[in-house]
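Read the structure below first, then the notes.
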There are 2 protein chains.
Amino acid sequence: MKLYDGGRAPNPRRVRIFFAEKGVPLPELIPVDIAKKEHRTEAFRRINPAQRLPVLQLDDGTALAETIAICRYIEGLHPHPPLFGREAKQQALIEMWNRRIELGLFSSVSAVFRHSHPSMAELEAQVPEWAEINREQIDDHLLVLELQLAANPFVCGDELTVADITAGIAIDFMKPSRIRLPEDFVHIRRWHGDISARPSWKA
Amino acid sequence: MKLYDGGRAPNPRRVRIFFAEKGVPLPELIPVDIAKKEHRTEAFRRINPAQRLPVLQLDDGTALAETIAICRYIEGLHPHPPLFGREAKQQALIEMWNRRIELGLFSSVSAVFRHSHPSMAELEAQVPEWAEINREQIDDHLLVLELQLAANPFVCGDELTVADITAGIAIDFMKPSRIRLPEDFVHIRRWHGDISARPSWKA
């Protein structure tokens with residue numbers, strides 16, 4: 001296997017942290033420089049028509065794109081520890097929380113970054129008004145996460161799951177997006193301190 | 001179980017079609033009128049803090065939100081026919097295609113609808129420029145689907161999967177979003193004709 005990797009960008013980090021939490025060594029990494037638009041070349045489009053990173057290339061040549069699809073494949077090969085849950089209800093709740101974070105907090109932070117950060121001006125048609133609308137929604141998204149973490153050590157209960165990786169990376173991504181985490185979200189701060197101290201978080 | 005349902009909106013339809021394709025009878029439906037903003041009430045926020053539809057309420061009171069989380073729960077209870085795939089690689093490819101369509105075509109069509117349709121002006125802070133940027137991306141997203149369907153009867157091969165439901169509903173959603181499907185996407189037209197003739201599509 002080979003992993004087409006995008007360095008410090010959020011989705012490549014999610015996949016590398018997932019490998020680390022599973023205790024699975026990373027495959028050979030093929031760096032793709034997003035700042036140099038290497039993911040926008042015709043050669044890379046043939047690997048992933050959506051021109052996103054990361055992509056896991058299997059030994060039979062299959063190019064597996066989309067962060068969660070890659071993570072789910074690794075979960076299938078290495079079921080323990082289960083990061084997508086055990087039985088049907090738990091699996092469904094982890095899927096719900098992972099998506100709730102992706103479609104809420106993660107999506108809004110990404111929109112702020114993509115539509116307001118100067119480094120993205122060359123990669124995106126930036127719409128400052130869209131950045132502002134998303135910026136205004138972030139406290140509501142954070143509140144949903146705060147209430148969940150007030151009642152649970154991790155997003156889905158007593159153990160770390162893929163939803164914690166998604167949520168933790170969304171919080172990390174606030175910094176380059178120039179969004180402050182308000183002081184009074186004390187449960188998010190406790191949980192984010194815990195997960196970002198894990199060895200996997202350096203992956 | 002009870003299903004908080006949103007009528008003709010795309011995500012409620014995805015879930016009802018999924019039940020039909022599984023051959024599982026729908027649970028009791030609780031209609032929530034999106035046009036009347038019934039999903040924006042405080043009472044509904046306590047059921048789903050993201051204030052989206054549909055939501056499956058389990059017999060133990062658990063509120064399971066997010067379309068794909070609901071579908072995955074039903075797949076867990078009723079594994080056959082498998083609409084999320086059988087072994088690890090096939091499951092990962094179905095996850096990839098489902099997400100590729102959701103984050104590409106479905107997301108862009110939704111953005112056009114939400115940010116340009118007059119009926120949404122009361123529900124959304126509309127950004128016409130964001131609608132136009134998304135409108136311009138739709139042919140690229142369609143081309144990705146067209147090339148896949150040129151080589152496969154269904155999105156992920158010889159059998160219908162959850163990715164076909166997502167993609168078919170995205171195509172259906174183009175009509176109220178006032179986006180034409182170009183004539184030359186002949187494989188999309190053939191496949192969409194096939195799936196929308198299935199009994200499940202009336203669900």
Requested in this report: With viscosity set to 0.890 mPa s and temperature to 25 °C, compute the Stokes-Einstein D of the protein assembly as shown, Rh being the Kirkwood radius across alpha carbon pairs; µm²/s, no decimals.
Outcome: 112 µm²/s
Report task. Taking a probe of 1.4 Å and counting only protein heavy atoms, give the total accessible area buried between chains A and B in Å², rounded to the nearest 100. Result -> 3100 Å²
Requested in this report: Looking at segment A:2-77, send over the antiparallel percent of its DSSP beta bridges, to the nearest 5.
Outcome: 60 percent
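What accessible area per residue comes out for the protein assembly as shown, rounded to a whole number of Å², with a 1.4 Å probe?
Values: 18010 Å² over 406 residues.
For the protein assembly as shown, the per-residue accessible area is 44 Å².
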Report task. Could you pull the copy-to-copy label distances for A:Glu159, with points set 7 Å along Cα to Cβ, in nm to one decimal and sorted shortest first? Result -> 2.8
Requested in this report: Return the tail of the calculated pair distribution for segment A:88-202, meaning the percent of Cα-Cα pairs more than 16 Å apart.
Outcome: 59 percent
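Given +1 on the Cβ of Lys and Arg, -1 on the Cβ of Asp and Glu, and no further charges, what dipole in debye does segment B:2-77 carry about its Cα centre, rounded to the nearest 20? Walk me through the intermediate numbers first.
On the way: 13 positive and 10 negative charges, 72 e Å.
Here the size comes out at about 340 debye.
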Report task. Could you name the residue in chain B with the C-beta closest to the rotation axis that superposes chain B on chain A, along with the separation in whole Å? Result -> B:Trp130, 2
Query raised in the report: Which distances, shortest first and in nm, link A:Lys36 to the matching position in the other copies, using label points set 7 Å out along Cα to C-beta?
Result: 6.0
Report task. Give the share of C-alpha pairs in each 10 angstrom bin for chain B, from 0 to the last occupied bin, in whole percents, shortest bins first. Result -> 8, 34, 36, 19, 2
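Taking 0.36 nm per intervening residue step and subtracting the Cα-Cα distance, what contour gain separates A:Glu38 from A:Ala151 on full extension? Write out the running numbers ahead of the final one.
On the way: separation 113, 0.36 × 113 = 40.68 nm, distance 4.31 nm.
Length difference between fully extended and current span is 36.4 nm.
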Query - Label spacing, shortest first and in nm, from A:Leu181 to its equivalents in the remaining copies (7 angstrom along Cα→Cβ) - result: 4.5
Report task. Go through A:112-123, A:46-57 and give me the packing order, highest mean Cβ count within 10 Å leading. Result -> A:46-57, A:112-123
Report task. Taking the Cβ of B:Val24 as the centre, find all other residues whose Cβ is under 14 Å away and add up their charges (Lys, Arg: +1; Asp, Glu: -1). Result -> 0
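Taking every DSSP beta bridge with both residues inside the protein assembly as shown, roughly what % is antiparallel (nearest 5)?
On the way: 14 of 22 bridges.
Restricted to the protein assembly as shown, the bridges split so that about 65 percent are antiparallel.
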Report summary line: Rounded to the nearest Å, the spacing of the alpha-carbon centers of segment B:59-125 and segment B:172-198 is 19 Å
Query raised in the report: Across bins of 10 angstrom width beginning at 0, how are the C-alpha pair distances of segment A:2-77 distributed, in whole percent?
Result: 21, 58, 20, 2
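The values are calculated or read from the model by the stated rules, or taken from the named source; none is laboratory data. Values in this document were obtained by computation on a predicted structure and should not be read as measured data. Reconstructed Cβ throughout: ideal geometry from the backbone, glycine too, with neighbour counts over all protein chains shown. Accessible surface areas use protein heavy atoms only, side chains included; no ligands, DNA or RNA. Shrake-Rupley method; radii C 1.70, N 1.55, O 1.52, S 1.80 Å.
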